[in-house]
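Encoded as structure tokens, the structure appears first; notes follow it.
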Amino acid sequence: MNTKAIVLLLAAVLCAPLPTHAMKVGDIAIPDALPLDGSGHELLLNGAGMRVKFFMDIYVGALYLPARTADPKTILADTGAASVLMKFVYKEVSRDKIVAGWNDGLASNLERTELDALAGRIAQFNALFTTVRRGDSIRIDYNPATGTEVRINEELRGTVAGNDFFRALLRIWLGEHPVSTALKSAMLGRQD
């Protein structure tokens, strides 16, 4: 290679765009988009925030959608692809606490008849979880072709059928009685 070619190559490398993150929550960098495995869809970061419980940071929760919106009713009524990414910052959250969190969040936001109709799929979903530790991630994707896909540290743990199931899960964060009003606002991209 001649000197001119080396200089041009070096300039191209130095000027190449670096991977960007739309935001940081605490020390956690949140990607501005996520590919939805096997679907050809790329989802955009709608918003992200910290789940705090008893003054302790537990996880960063991020919501990804095909198009950004701050309207929870629109999100809950949709049938398209979506994803929730949870990045844990607390030292350890046991499987039992994770499952109890899902159950409490669903019970707070669904009618008894809705819970009863989803009971089998809730049990199937709960069986997919293990204890997580600081640095671990849980990703819950809704792929219209397959259903709700659960990944822990990028490993596919299983799939639960039905858009109705995924939208019920989203109510944990976006429903009338969210796990945290601050996290709900953050995931909706609101600055309130």
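The values are calculated or read from the model by the stated rules, or taken from the named source; none is laboratory data. Treat the numbers as computed from the prediction; the structure is a model and nothing was measured. Counting neighbours? That spans all protein chains shown, and the Cβs are built from the backbone with ideal geometry, glycine included. All accessible areas refer to the heavy atoms of the entire protein, side chains included, with ligands and DNA or RNA removed. Shrake-Rupley method; radii C 1.70, N 1.55, O 1.52, S 1.80 Å.
Annotations
- In region 43-59, the residues that are within 16 Å of Asp136 (Cβ to Cβ) reach residues that are modelled with pLDDT of 95 or more and among the basic types (Lys, Arg) with C-beta atoms within less than 9 angstrom, at least six apart or across chains, in these pairs: Asp57/Arg51; Ile58/Arg51; Tyr59/Arg51; Tyr59/Lys87.
- Subset of region 103-162 (residues that are of a type in the set (D, E, K, R) and farther than 14 Å from Ser83 by Cβ): Asp104, Glu111, Arg112, Glu114, Asp116, Arg121, Arg133, Arg134, Asp136, Glu155, Arg157
- Within region 88-124, the set of residues being outside any helix (DSSP H, G or I), under 30 Å from Ile28 (Cα atoms) and not hydroxyl-bearing (Ser, Thr, Tyr) comprises Phe88, Val89, Lys91, Glu92, Val93.
- Hey, Ile138 out of contact with any Leu (no Cβ under 6 Å at 6 or more places or on another chain), among the β-branched types (Val, Ile, Thr) and outside any helix (DSSP H, G or I) or not: yes
- Only residues that are touching a Pro at 6+ places or on another chain (Cβ under 9 Å), within 14 Å of Asp141 (Cβ to Cβ) and open to solvent by 10 Å² or more (accessible area, probe 1.4 Å) were counted across region 159-187, and they come to 1.
- Residue match in region 76-83 (condition: free of Cβ contacts under 8 Å to residues at least 40 places away in the same chain, in contact with a helix residue (DSSP H, G or I) (Cβ under 7 Å, 6 or more places away or on another chain) and surrounded by 14 or more Cβ atoms within 10 Å (Cβ to Cβ)): no
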